[in-house]
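Read through the structure below, which is laid out as structure tokens, and then see the notes.
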């Protein structure tokens, strides 16, 4: 694609340039964390981290490694800006109405604080330029989720978790997660209009790739906070479920894009309440 193989005039003025032959690899990941209007972009030489938050209770992060891009040039150690995510996705999918599946190439450029984010999108020889106003970046919430404080962790094949959600009662206001070194090992529970429902995973299940539970924990999470993460679940092939000693939840989704490359999407969620064991 011309946008990723040739240097645009005036590239030297930009502090960040990122090019993709297939914009869908980026737009799919961004859709997986789109549940609020604004997103914080933080670029380092390692790639892009995009953060979306809700009510200081939920945070989603998409990690897009520099290697995913055909070109990724950054002039500073770190570049941050905030944009309207819905507007950005509208621009990235501007050729979406085409009846013929033609790949759209992207060249994304940023010139620093106060400047817009400039997108050059090319499909079938037609180039469209979009400029999106950037905003003052706000510091993301630090959920202080530290690997040394993780008490329980399981890694599942995503198909299995998708099946669980299809069988549980999603009218429930909460999702209860039990993780334990003894039975039921890993249990998802809902309490909805159709009554109580439980979905159990044996620790030696074929769907379970890793089981590391050191103590029994039962925590409840607002379903309204967890539902946005199902977008990432739909894209992913594996998911890591972790809880720390406070009952905070981390969902890490491994997403393989159209080219077979790997990105990660992570959700942090505060517990609604801790359930005392009987």
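Between a first residue in the range 4-21 that is more than 8 Å from residue 106 (Cβ to Cβ) and a second residue that is at pLDDT below 60, which pairs have beta carbons less than 7 Å apart while being 6 or more apart in sequence or on different chains?
Listed pairs, sorted by first residue: 21/1; 21/4.
With the condition kept exactly as written, say whether any residue in the range 235-256 is in a helix (DSSP H, G or I), in contact with a strand residue (DSSP E or B) (Cβ under 7 Å, 6 or more places away or on another chain) and under 30 Å from residue 49 (Cβ atoms).
Yes, that holds for at least one residue.
Those residues that are in a strand (DSSP E or B) and either without any contact (Cβ under 8 Å) to a residue 24 or more places away in the chain or loosely packed, with under 12 Cβ neighbours inside 10 Å (or both), I need them from the range 119-129; list them, please.
Those that are in a strand (DSSP E or B) and either without any contact (Cβ under 8 Å) to a residue 24 or more places away in the chain or loosely packed, with under 12 Cβ neighbours inside 10 Å (or both): 126, 129.
Using the structure shown, decide if residue 142 is more than 27 Å from residue 250 (Cβ to Cβ), outside the structural domain of residue 245 (by TED's automatic domain parsing) and out of contact with any helix residue (DSSP H, G or I) (no Cβ under 9 Å at 6 or more places or on another chain).
no
Suppose we filter the range 102-118 for residues that are in a loop (DSSP other than H, G, I, E, B) and either without any contact (Cβ under 8 Å) to a residue 12 or more places away in the chain or under 17 Å from residue 43 (Cβ atoms) (or both); how many remain?
The total comes to 6.
Condition test on residue 143, is it in contact (Cβ under 8 Å) with a residue 40 or more places away in the chain and touching a strand residue (DSSP E or B) at 6+ places or on another chain (Cβ under 6 Å)?
yes
From the list 72, 95, 115, which residue is farther than 24 Å from residue 268 by Cα and touching a helix residue (DSSP H, G or I) at 6+ places or on another chain (Cβ under 9 Å)?
Among 72, 95, 115, only 72 is farther than 24 Å from residue 268 by Cα and touching a helix residue (DSSP H, G or I) at 6+ places or on another chain (Cβ under 9 Å).
Do the conditions hold for residue 225, that is, is it outside the structural domain of residue 59 (by TED's automatic domain parsing), in contact with a helix residue (DSSP H, G or I) (Cβ under 7 Å, 6 or more places away or on another chain), buried (at least 19 other Cβ atoms within 10 Å of the Cβ) and closer than 19 Å to residue 253 by Cα?
It is false that residue 225 is outside the structural domain of residue 59 (by TED's automatic domain parsing), in contact with a helix residue (DSSP H, G or I) (Cβ under 7 Å, 6 or more places away or on another chain), buried (at least 19 other Cβ atoms within 10 Å of the Cβ) and closer than 19 Å to residue 253 by Cα.
Somewhere in the range 84-101, is a residue in contact with a strand residue (DSSP E or B) (Cβ under 9 Å, 6 or more places away or on another chain), over 30 Å from residue 251 (Cα atoms), in the same structural domain as residue 21 (by TED's automatic domain parsing) and not in a loop (DSSP other than H, G, I, E, B)?
There is no residue in the range 84-101 that is in contact with a strand residue (DSSP E or B) (Cβ under 9 Å, 6 or more places away or on another chain), over 30 Å from residue 251 (Cα atoms), in the same structural domain as residue 21 (by TED's automatic domain parsing) and not in a loop (DSSP other than H, G, I, E, B).
Output the number of the condition that residue 148 fails; it satisfies all remaining conditions of (1) more than 22 Å from the chain's Cα centre (by Cα); (2) in contact (Cβ under 8 Å) with a residue 12 or more places away in the chain.
That leaves (2) as the condition not met.
Tell me which residues, restricted to the range 130-148, are at negative phi and assigned to a loop (DSSP other than H, G, I, E, B).
133, 134, 136, 137, 138, 139, 140, 141, 142, 143, 145, 146
How many of the residues making up the range 171-202 are touching a residue at least 40 places away in the same chain (Cβ under 8 Å), buried (at least 17 other Cβ atoms within 10 Å of the Cβ) and in a loop (DSSP other than H, G, I, E, B)?
Looking only at that region, the number is 1.
Evaluate the following for residue 250: is it crowded, with 21+ Cβ neighbours inside 10 Å and either within 18 Å of residue 59 (Cα to Cα) or in the same structural domain as residue 211 (by TED's automatic domain parsing) (or both)?
No.
Mind counting the residues in the range 208-218 that are more than 22 Å from the chain's Cα centre (by Cα) and surrounded by 14 or more Cβ atoms within 10 Å (Cβ to Cβ)?
6
The values are calculated or read from the model by the stated rules, or taken from the named source; none is laboratory data. The shown structure was predicted, so the numbers you read here are calculated from the model rather than taken from an experiment. All Cβ positions, glycine included, derive from the backbone under ideal geometry; neighbour counts span all protein chains shown.
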